[in-house]
Amino acid sequence: MRATQLFATGDIRTVDVDIPTPARGEILIKVEASGICGTDRHLYHGEFPSVPGKILGHEFSGIVVDSGDTAIAEGTRVTCDPNTWCGTCDQCQRGRVNLCVNNVATGIHRDGGFAQYCAFPASKAVTLPSDIDPLHGAFCEPLACTLHGMDIGAARAGETVLVIGGGVIGLLAVQIAKLSGADVMLLTRSAEKQALGRQIGADHAVGSDTELREIWPEGADLVVECAGVSSTVSQSAKLARTGGRVVILGVLPQGEQVSIEPFDMLFREIQMHFSFLNPFTHQRAAQMVADGTIAVAPLISRTIPLEEAAAAIASPPPRGEVRAIVVPQD
Ligand code: NAP
């Protein structure tokens with residue numbers, strides 16, 4: 001089969017490899033859709049810890065073609081929760097499974113979904129309806145991560161929620177915030193993403209702090225940082241209203257420092273939280289994608305064949321792009 005492997009920082013290629021054989025407790029999935037995430041680009045640039053030689057792709061779904069020794073029927077469409085926690089470490093025992101010290105992430109530590117087939121733990125596969133658009137299954141993982149961040153932020157009806165960053169995470173955060181009954185603003189630089197933000201439900205979409213202050217002079221009750229840029233992390237604390245809260249979802253390069261003003265945050269008692277991965281949210285995400293509670297079709301900017309995946313990961317996303325979906329069977 002063909003598969004896109006990260007051999008080393010800056011070296012990603014699509015190559016021939018053997019179709020994997022499912023191990024005990026695993027199924028073989030024929031991959032239908034696999035999203036290119038900002039994290040794949042961080043991995044390529046060495047900004048996020050990786051394991052050389054692994055097939056990338058952690059946002060994927062497909063059809064079970066070999067159920068191995070599991071009870072999942074062949075032909076079932078599944079979405080894959082890529083994070084396999086150990087269940088026994090101190091953090092797992094405390095229920096903080098996303099902080100598991102032994103987490104094995106498919107598409108990072110083990111072979112993932114930028115491939116025609118993927119052997120995957122059956123316990124982490126969530127069933128999707130057979131009539132769902134196959135491309136939509138690729139959104140369950142980013143939605144699951146965004147749900148965790150929005151659970152931490154706990155937006156309430158009548159509050160103001162500012163989402164910074166108009167990528168897929170930001171546009172999913174906008175939709176979750178709307179479900180809470182909040183007044184929601186998207187702050188992102190590109191006019192195309194602002195327009196998309198309004199289309200998927202944002203009450204306001206702006207391109208700068210100045211525009212934001214014209215609408216909400218005091219800032220927002222909840223700021224959700226989904227850009228993954230040092231300047232927007234600094235900005236998040238400033239844009240939270242007094243007594244407000246910030247949730248950082250964006251991933252910055254390892255080691256990067258950010259400027260914040262503790263005096264201002266203390267005197268205004270700003271709570272700053274960080275949200276990591278998708279603890280117990282993948283099932284909810286699958287349900288919300290399957291029943292259309294969250295619109296994902298507008299977030300698909302293009303589909304590309306597997307042969308173009310390496311180049312797409314190695315390049316910055318084209319202007320205005322939200323999500324490119326790799327379709328390995330093309
Ligand atoms: P993305 O497609 O790169 O989106 C980020 C968006 O931020 C861009 O579309 C960009 O849009 C906007 N942006 C960049 N600089 C900005 C600025 N100065 N002001 C306002 N907006 C700015 O990434 P994504 O896939 O949505 O992911 C977002 C972040 O979440 C990434 O860092 C990713 O690694 C991270 N992530 C975290 C988790 C987790 O568990 N915490 C899970 C998945 C992903 P404009 O060009 O319009 O400004």
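The values are calculated or read from the model by the stated rules, or taken from the named source; none is laboratory data. This is a predicted model, so every value here is computed, not measured. Neighbour counts run over all protein chains shown; Cβ positions are idealised from the backbone, glycine included. The accessibility values were calculated without ligands, DNA or RNA, using every heavy atom of the protein model including side chains. Shrake-Rupley method; radii C 1.70, N 1.55, O 1.52, S 1.80 Å.
If each residue of separation counts as 0.36 nm, what is the full-extension length gain between His45 and Val15 once their alpha-carbon separation is subtracted? Intermediate results must be reported in sequence, preceding the final value.
Numbers: separation 30, 0.36 × 30 = 10.80 nm, distance 1.97 nm.
Once the chain is fully extended between His45 and Val15, it gains 8.8 nm.
For the pair Glu218 and Gln271 in one chain, pulling the backbone fully straight at 0.36 nm per residue adds 17.5 nm over the alpha carbon distance.
Nearest 0.05, what FRET efficiency do Glu211 and Asp131 give at R0 = 41 Å with Cβ-Cβ as r? Walk me through the numbers on the way to the answer.
Working: r = 42 Å, r/R0 = 1.01.
Computed FRET efficiency for Glu211 and Asp131: 0.50.
Angle of helix 168-179 to the longest C-alpha principal axis of the chain, folded into 0 to 90 degrees and rounded to 10: 60°.
Note on Ser123: accessible area is roughly 100 Å² with a 1.4 Å probe, heavy atoms of protein only.
When only the heavy atoms of the protein chains count and the probe is 1.4 Å, how do Trp216, Trp85 rank by accessible area, highest first? Intermediate results must be reported in sequence, preceding the final value.
On the way: Trp216 20, Trp85 45 Å².
Descending order: Trp85, Trp216.
What net charge do the residues around Arg319 carry, taking every other residue with its C-beta under 11 Å from that of Arg319, with Lys and Arg at +1 and Asp and Glu at -1? Don't skip to the end; give the middle numbers.
On the way: positive: Arg189, Lys193; negative: Glu192, Glu321.
Result for the neighbourhood of Arg319: 0.
Annotation for Asp264 and Asp151: the two label points, set 7 Å from Cα along the Cα-Cβ direction, are 3.2 nm apart. Ordered from largest to smallest accessible area (heavy atoms of protein chains, 1.4 Å probe), the residues Val104, Val296 come out as Val104, Val296.
Taking 0.36 nm per residue of separation and subtracting the Cα-Cα distance, full extension of the segment from Gln257 to Ala295 would add 10.2 nm. Need one word for the stretch 27-168: rounded, prolate or oblate. Basis is the Cα gyration tensor (sqrt eigenvalues a ≥ b ≥ c); a/c below 1.5 gives rounded, then a/b vs b/c decides. Rounded is the answer for the stretch 27-168, as its axis ratio a/c remains below 1.5.
Among the GluC sites (Glu not before Pro) in the stretch 213-317, those located in a DSSP loop and surrounded by at most 15 other Cβ atoms within 10 Å of their own Cβ are Glu218, Glu256, Glu269.
Please give the per residue accessible area of the stretch 193-330, computed with a probe of 1.4 Å over protein heavy atoms only, in Å².
Numbers: 6620 Å² over 138 residues.
On a per-residue basis, the stretch 193-330 sits at 48 Å².
Separation of the alpha carbons by more than 25 angstrom is noted, of Lys54/Lys124; Lys30/Lys178; Lys30/Lys124; Lys124/Lys178, for Lys30/Lys178; Lys124/Lys178.
Per residue, how much accessible surface does the stretch 42-132 expose to a 1.4 Å probe? Answer in Å², no decimals.
Working: 3730 Å² over 91 residues.
Accessible area per residue: 41 Å².
Cut-off 10 angstrom, C-alpha nodes, Gaussian network model of the chain. Which of Asn103, Asn278, Asn83 fluctuates the most? So, out of Asn103, Asn278, Asn83, the one fluctuating most is Asn103.
Apolar share of the accessible surface for the chain: 51 percent from carbon plus sulfur atoms, 1.4 Å probe. Charged neighbours of Val168, selected by a Cβ distance under 15 Å, balance to -2 (K, R count +1; D, E count -1).
In this view, the solvent-accessible surface of Lys238, computed with a 1.4 Å probe and all protein chains in place, comes to about 90 Å². Exposure check, 1.4 Å probe, all protein chains in place: His58 carries approximately 10 Å² of accessible surface. Of the peptides 240-253, 5-18, the ranking by mean beta-carbon count within 10 Å, highest at the top, reads 240-253, 5-18.
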